[in-house]
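Please read the structure below before turning to the comments.
The values are calculated or read from the model by the stated rules, or taken from the named source; none is laboratory data. The structure presented is a predicted model; accordingly, all values stated were derived computationally and were not measured. Cβ sites come from the backbone with ideal geometry, for glycine too, and all protein chains shown count toward neighbours.
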Amino acid sequence: MKEDDITNEHVQVLIIGSGPAGYTAAIYAARAGLKPVLYTGAEPGGQLTITTDVENYPGYPEGVTGPQMMVEFQKQAERFDTDVRYGVVTDVDFSGWPHEVTIDGKKKMKADAVIISTGASAKWLGLADETRLNGQGVSACAVCDGFFFKGQDVAVVGAGDTAAEEASYLSKLANKVYMIVRRDEMRASKIMQQRVFNAKNIEILWNTETEGLIGENQVEGVAIVNNKTGEKRVLNTTGFFVAIGHKPNTEIFESVLDLDESGYIITKPGTSKTQIDGVFATGDAQDRIYRQAVTAAGSGCMGALDAERFLAQKEVELAEVTQ
């Protein structure tokens with residue numbers, strides 16, 4: 001398709017993002033005959049493309065790698081004629097209908113319904129070792145990867161509810177959990193702190209920061225320093241969990257949609273509907289609680305069904321106007 005054709009293009013359903021939510025929305029929308037167009041975004045496949053083994057997604061009894069799972073999601077969406085395109089939505093205009101979006105800063109197109117599946121990104125400490133050993137002992141999701149560290153010693157970085165929850169979860173699987181806390185207190189709620197304090201195999205390292213990770217191809221230890229005394233040591237751990245929060249990829253919607261204080265898109269309870277008719281939010285872009293592939297896929301289904309019903313109602317309304 002020529003660029004001029006894309007610039008003047010008008011589609012029924014546009015899906016922004018290509019993780020489990022985006023591809024599931026595409027599968028449902030395509031099977032409903034809505035001919036969806038999906039733009040993958042800067043990270044095709046989302047966070048699962050930096051995940052090694054996935055063992056908690058139904059239908060994969062032997063497990064599957066994150067990248068392979070996303071390849072299969074895409075193939076299934078394309079089987080029903082989803083138009084998958086590589087590009088980034090850089091601007092949106094939801095002030096009128098049809099809605100208008102800009103691709104890669106220059107191509108404009110209109111869509112009768114927009115399904116947002118832009119996901120979220122884990123916040124990292126900024127250590128070079130985090131990238132080098134990501135998936136080789138480094139993780140940002142204990143629920144996803146904790147099983148692989150059964151009976152081993154692991155470390156969790158963070159002091160909020162997420163870190164406390166991750167540490168508590170890991171304490172049921174790991175032999176020992178070190179919780180690395182930068183200050184002399186935690187930000188977590190009292191009840192979450194109490195869970196950490198009550199776990200016999202969690203050791204909190206106060207006033208402590210991570211200097212780096214040990215290991216060539218796998219995490220073999222964590223180098224830490226006490227920021228009060230300057231004392232340095234190495235924790236002999238095989239797992240390193242960064243739990244300092246997630247950031248939803250919703251920057252382009254900041255002045256357009258209702259977001260909560262952390263940037264997650266607010267949807268009407270029990271639906272994927274935003275405050276703007278014809279715009280739906282799915283997956284980790286609107287889910288600050290669960291953030292799992294299976295829940296993202298479920299919300300992608302909701303987004304497609306909500307979009308289908310919206311378009312059906314819109315068709316009825318337009319027919320009444322023309323009569």
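Does the stretch 159-176 contain any residue that is surrounded by fewer than 16 Cβ atoms within 10 Å (Cβ to Cβ) and in contact with a strand residue (DSSP E or B) (Cβ under 8 Å, 6 or more places away or on another chain)? Yes, the stretch 159-176 contains a residue that is surrounded by fewer than 16 Cβ atoms within 10 Å (Cβ to Cβ) and in contact with a strand residue (DSSP E or B) (Cβ under 8 Å, 6 or more places away or on another chain).
Assess whether residue 83 counts as being touching a strand residue (DSSP E or B) at 6+ places or on another chain (Cβ under 8 Å), modelled with pLDDT of 95 or more and more than 24 Å from residue 293 (Cα to Cα). When the stated conditions are applied, residue 83 does not pass them. If the condition is being over 24 Å from residue 33 (Cβ atoms), outside any loop (DSSP other than H, G, I, E, B) and in contact with a Ser or Thr (Cβ under 7 Å, 6 or more places away or on another chain), then the stretch 104-135 contributes 107, 108.
Whether any residue in the stretch 228-242 is within 24 Å of residue 131 (Cα to Cα), among the charged types (D, E, K, R), in contact (Cβ under 8 Å) with a residue 12 or more places away in the chain and not assigned by TED's automatic domain parsing to the domain that holds residue 19 is what I want to check. Looking for residues that are within 24 Å of residue 131 (Cα to Cα), among the charged types (D, E, K, R), in contact (Cβ under 8 Å) with a residue 12 or more places away in the chain and not assigned by TED's automatic domain parsing to the domain that holds residue 19, one finds at least one in the stretch 228-242, hence yes. Just give me the residues in the stretch 45-94 being free of Cβ contacts under 8 Å to residues at least 40 places away in the same chain, among the hydroxyl-bearing types (Ser, Thr, Tyr) and either assigned to a loop (DSSP other than H, G, I, E, B) or not assigned by TED's automatic domain parsing to the domain that holds residue 290 (or both), in sequence order. Matches in the stretch 45-94: 60 only. If you check 306, 287 for being within 14 Å of the chain's Cα centre (by Cα), surrounded by 17 or more Cβ atoms within 10 Å (Cβ to Cβ) and assigned by TED's automatic domain parsing to the domain that holds residue 41, only one passes: 287. Consider the stretch 226-264 and keep the residues that are among the β-branched types (Val, Ile, Thr) and in a strand (DSSP E or B). The one that is surrounded by the fewest Cβ atoms within 10 Å (Cβ to Cβ) is 234. Of the residues making up the stretch 187-200, those that are in a loop (DSSP other than H, G, I, E, B) and either under 17 Å from residue 220 (Cβ atoms) or at pLDDT below 95 (or both) number 3. Test residue 151 against the criterion of being out of contact with any helix residue (DSSP H, G or I) (no Cβ under 7 Å at 6 or more places or on another chain), buried (at least 23 other Cβ atoms within 10 Å of the Cβ), over 20 Å from residue 207 (Cα atoms) and touching a residue at least 12 places away in the same chain (Cβ under 8 Å), and give yes or no. Taking the combined requirement at face value, the residue does not satisfy it.
Which of (1) closer than 23 Å to residue 172 by Cβ; (2) of a type in the set (A, V, I, L, M, F, W, C); (3) in a strand (DSSP E or B) does residue 223 not meet, given it meets every other one? So residue 223 meets the others, but not (1).
Regarding the stretch 202-225, can at least one residue be identified that is surrounded by 15 or more Cβ atoms within 10 Å (Cβ to Cβ), of a type in the set (Val, Ile, Thr) and modelled with pLDDT under 95? No, every residue in the stretch 202-225 fails to be surrounded by 15 or more Cβ atoms within 10 Å (Cβ to Cβ), of a type in the set (Val, Ile, Thr) and modelled with pLDDT under 95.
Within the stretch 154-189, restricting attention to residues that are among the small types (Gly, Ala, Ser) and free of Cβ contacts under 8 Å to residues at least 40 places away in the same chain, the residue that is nearest to residue 236 (Cα to Cα) is 171.
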